[in-house]
Amino acid sequence: AAKYAEADFRKLINWKEGAPVPYKLLADTFEEIAETTKRLEIVALLVSAFRAILATNPKDLLPAIYLCVNRVAPAHTGIELGIGEATLIKALCEATGKNEASIKKAYETNGDLGVVAVGAKSTQRMMCPPPPLTIAGVLKAFQNIAQASGSKSQDQKRGMIVKLLVAAKGNEPGYIVRSLQAKLRIGLAEQSVLVALAHAVHLHREGVKDRDGRLAERLEAAAQVVKQAYSECPTYDVLVPALLENGSTDLLSRCHFMPGVPVKPMLAKATNGVSEVLEKFTDQEFTVEYKYDGERAQVHVLDSGKTVHIFSRNAENNTPKYPDIVARLRGLLQPHVQSIVFDSEAVAYDPEKKKILPFQVLSTRARKDVNVGEIKVQVVLFAFDCLYLNGESMLHKPLTERRAALYSALIEKEGELQYASYKTSRNVEELENFLTESVEAGTEGLIVKTLADTYEPSKRSSHWLKLKKDYMEGVGDTFDVVPLGGFFGKGKRTGVFGAYLLGIYDPDTESYQTISKLGTGFSEEQLTALADSMRPHIIQQPRPYYKWSENLVPDVWFDAVAVWEVKAADLSISPVHKAAVGLVDPSKGISIRFPRLIRVRDDKSPEDATSAAQVVDMYRSQAVIKQQQAAKQKEQ
Ligand code: ATP
C-alpha cells in the first residue's frame, strides 16, 4: 500500500479524460516490467498503468488486461494469436521497406523478432506519421487478425499487421510483434495481472489514503476475491465489467461458475505410496478412485441435453471431436436434469472384449470435423465429479455431496457412460490391493481424494493425490518435459537426432529450464518420427527465456512447442541443469537421471509442462523416502 501512495500514477496521464488511452502506456510499462523480477514491483507498475487507464477511460481497462495476458479472447473460444515468423518477417519488410535478407540476418543474430522489429523501425523516417496506436485499437486489430479466415485471410492478416507496424513507434513494434507471435514473455504471470487489477480498481474507487491503517488488508482481500472469481469464471469479459460496476464487494455473486465457460480443472499431486497417503490424510476422510488413462473431458450439458459442450484439460473446445458422446448424452440424463456440468475422463473402449484400451488408441481418433458414421474408436466416459447441477454451482460443496449429485443425475451405460470405480477404506492392505486391481484393469493407478473438500479449479491440490503402481520406485511421477534442443545422431542414427535436451517450465519466471538429456530407449521409427516432428521448429538461437548451461549446448535449438512424457530414475542437484534453480540450491538446478520417453502429450501445451515447483516437491519427497529407507536399513 505504501508503494501505491508514493507511486505517482498521475504523471503517466498526459492525455485528455475520455480519450482512448495510447498503447505507449502499456509498451512502456512492459519495458519496465521486463527489467525486474520482483513480483511486488511488477504489480506496482501495473497498478499505476491500470489506474492511469481508469482515471482516463475505464473502457480501456478490459483491452489492456487482454494485452497484458497476451490473449485476444477467453481460452474456450479458441480465438488465438500465434502468427508465424514467415508472415511477420514479410509484414516487417513491407512496413519498413527493408529487404527480407537483412531482416532474416538480424533475426539469426539475436533470435528475437521483437528486437529486430524495433531496430528496423528505428531507422525509418516517415513524411506524415500515422496517429499513435491506442490500447483499444491494438486489441481490436489483434482480434481481427486472429479471426480472419477464408482463402484471402493470409493476405488480409499481413495487411493488418503491416498497418500496426507502420503506426508503431519507439519500443512499440517489439511488443506488437511478440504479442502477435503469442510470445510476449516479459515475466508477467497472470496471477500478478489479477492482483494488480484488484488493487487498481479498489484504489480507483476508494482512493489511496489509508484512513484507518487497514488499506493493505483491504487490498489483499480484494485480490483474493478477484483471483477466486477468475478461477470460477475464467473470462475477463465478465470479470472486468463486474468489477468496474461494483468493486470486489459481492463480486462472487456476480462473477461465478457458469455453464458454457469451462473452469481449469482441479489437478492432483504426486505421492510415493499408500503409507504416504495415510500420513498425509491422518485426520481426513478420503476415497480412492481409478485413475483412467485417457483424456480429461469437462462436459457441459444444457437444455436437457439439447446443447452439449466438451472441454479439454486446457479449456479447448473438444466438442467437434466427440459427436458420438454428444449424441448419446441426452439419453443418459435422469429426467430431472436440465443442466449439468460434470468432470470425466474419456477413454478408448473395445466393445467386443468389454475392456478399456490404452491412451495410445484414443490418440488415433481425429480431432476435428469427426463424422459419427466414420468413428473407429469407441469412447467411454468415466464420470468422477459434478461441478454444476440444475442452475446450482457445486464447486463449493464437499466431494461427498458432489458425488451424490453426480450419481443422482446420470444413467450408467456400459461402454458409454460409467462412474469411476472407487473404494473408501483406510486399510493398507485393501488399498494396496485396490491399486493392483486398478493397474490390472488397464488404468494408471489411483487418485486419492479427501471427501470433505471443495472443488478447486486450476489448482494442483493437496486434496487429490496420485498413486501410481510404479511410484514405489521413488520418483513419484512421470515428468512432462519440453524438447529444447537436439544433438545430431551418429552411426546408425545419422540423419535424425540421437539425443534431446529437455526442459521444464517455470511459470513464476516464465522460463524453460533444462532438466536432462534424453538419449536412450527410442525405437528407430520413434527416432524418425520425433526428428520429423521437431525439425520444422529449429531456431537459430536459443530463446532468451531458456535457462541452460554453456557446458551442455545442443547442436540445434528448438522452439518450445512439444510436450513429452518421460519416466526417470531419480532427481539430483545438478551443476549443469537449471530446473528449479535457486529453489533448493542457490545456484544449481535439479536434473533427472536416465529419462525414458513414454509418450508425446498432444493434450498439453508447453506451459503445462512439469513446473519448477513440482520438481522441487518431487525432489523433497524423494529425499524423505531415501531417509526412511536408510533408517530402516539401520534398524535391520
Ligand atoms: P498426468 O500426466 O498424470 O495425466 P496431469 O498433469 O494431466 O498428469 P494429474 O493431476 O496428474 O494430471 O492427474 C489428473 C488427471 O488424471 C486428470 O486431468 C484426468 O485427466 C485424469 N483422471 C483419470 N481418472 C481420474 C479420476 N478418477 N479423478 C480425477 N482425474 C482423473
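The values are calculated or read from the model by the stated rules, or taken from the named source; none is laboratory data. These numbers were taken from a predicted model, which means no experiment stands behind them. All Cβ positions, even for glycine, are placed from backbone atoms using ideal geometry, and neighbour counts span all protein chains on display.
So Leu302 fits all but one of (1) touching a strand residue (DSSP E or B) at 6+ places or on another chain (Cβ under 7 Å); (2) surrounded by fewer than 19 Cβ atoms within 10 Å (Cβ to Cβ); (3) free of Cβ contacts under 8 Å to residues at least 60 places away in the same chain; what number is the exception?
(1)
Only one residue in Val561, Val584 is surrounded by fewer than 18 Cβ atoms within 10 Å (Cβ to Cβ) and hydrophobic (A, V, I, L, M, F, W, C). Which one? Walk me through it before giving the result.
Details: Val584 fails: surrounded by fewer than 18 Cβ atoms within 10 Å (Cβ to Cβ).
Of the residues listed, the single one that is surrounded by fewer than 18 Cβ atoms within 10 Å (Cβ to Cβ) and hydrophobic (A, V, I, L, M, F, W, C) is Val561.
Being farther than 18 Å from Asp293 by Cα and at pLDDT below 95 is the filter here; which residues of region 307-318 pass it? So that I can check it myself, show each step before the final result.
Residues of region 307-318 farther than 18 Å from Asp293 by Cα: 307-309, 315-317.
Within region 307-318, Ala315, Glu316, Asn317 meet the criteria.
Do we have Leu278 as away from the ligand (no atom under 16 Å from the Cβ), at pLDDT below 95 and not acidic (Asp, Glu) here?
Answer is yes for this residue.
Those residues that are within 14 Å of the ligand (Cβ to nearest atom) and either aromatic (Phe, Trp, Tyr) or in contact (Cβ under 8 Å) with a residue 40 or more places away in the chain (or both), I need them from region 363-402; list them, please.
Ser363, Val379, Leu381, Phe382, Ala383, Phe384, Asp385, Cys386, Leu387, Leu399, Arg402
Among residues belonging to region 290-306 that are of a type in the set (Gly, Ala, Ser) and within 16 Å of the ligand (Cβ to nearest atom), point out the one that is modelled with the highest pLDDT.
This residue is Ala297.
Given the residues Ile325, Ile310, which is the only one that is closer than 25 Å to Pro74 by Cβ, of a type outside the set (Ser, Thr, Tyr) and assigned to a helix (DSSP H, G or I)?
After ruling out the rest, the residue left standing is Ile325.
Tell me, yes or no, whether region 96-109 has at least one residue that is crowded, with 17+ Cβ neighbours inside 10 Å, among the acidic types (Asp, Glu), closer than 23 Å to Gln540 by Cβ and touching a residue at least 24 places away in the same chain (Cβ under 8 Å).
No; the residues of region 96-109 include none that is crowded, with 17+ Cβ neighbours inside 10 Å, among the acidic types (Asp, Glu), closer than 23 Å to Gln540 by Cβ and touching a residue at least 24 places away in the same chain (Cβ under 8 Å).
Would region 402-421 turn up any residue that is touching a helix residue (DSSP H, G or I) at 6+ places or on another chain (Cβ under 8 Å), in a loop (DSSP other than H, G, I, E, B) and not acidic (Asp, Glu)?
Checked against the condition, which is being touching a helix residue (DSSP H, G or I) at 6+ places or on another chain (Cβ under 8 Å), in a loop (DSSP other than H, G, I, E, B) and not acidic (Asp, Glu), region 402-421 yields at least one hit.
Considering (1) within 16 Å of the ligand (Cβ to nearest atom); (2) in a loop (DSSP other than H, G, I, E, B); (3) surrounded by fewer than 19 Cβ atoms within 10 Å (Cβ to Cβ), say which one Asn272 fails and leave the rest.
So the condition that Asn272 fails would be (3).
Let me confirm something: among Leu583, Leu527, Leu552, which residue is aliphatic (A, V, I, L, M), at negative phi and part of a helix (DSSP H, G or I)?
Leu527
Filter region 496-513 for residues that are outside any strand (DSSP E or B) and in contact with a strand residue (DSSP E or B) (Cβ under 9 Å, 6 or more places away or on another chain); which is nearest to Ala34 (Cα to Cα)? First the steps, then the outcome.
From region 496-513, those outside any strand (DSSP E or B) are 496, 507-510; that's our starting set.
Add one more test, that the residue is in contact with a strand residue (DSSP E or B) (Cβ under 9 Å, 6 or more places away or on another chain), and what stays is 496, 507-509.
On the way: Val496: 37, Pro507: 15, Asp508: 13, Thr509: 11 Å.
The extreme case among them is Thr509.
Do we have Asp470 as closer than 20 Å to Phe359 by Cα and modelled with pLDDT under 95 here?
yes
Give the residues of region 45-87 that are assigned to a helix (DSSP H, G or I), of a type in the set (S, T, N, Q) and touching a Ser or Thr at 6+ places or on another chain (Cβ under 8 Å), sorted by residue number.
The answer is Ser48, and nothing else.
Hey, Ser192 hits all of (1) at pLDDT below 90; (2) within 24 Å of the chain's Cα centre (by Cα); (3) not basic (Lys, Arg) but one; which does it fall short on?
If we test Ser192 against (1) at pLDDT below 90; (2) within 24 Å of the chain's Cα centre (by Cα); (3) not basic (Lys, Arg), just (1) comes out false.
Starting from residues that are crowded, with 17+ Cβ neighbours inside 10 Å, modelled with pLDDT under 95 and in a loop (DSSP other than H, G, I, E, B), keep the ones in region 589-623 and report whichever is farthest from the ligand (Cβ to nearest atom).
Within region 589-623, the match that is farthest from the ligand (Cβ to nearest atom) is Pro595.
Take the conditions in contact (Cβ under 8 Å) with a residue 40 or more places away in the chain, among the polar types (S, T, N, Q) and buried (at least 18 other Cβ atoms within 10 Å of the Cβ) and apply them to Ser339. Does it pass?
So Ser339 passes the test.
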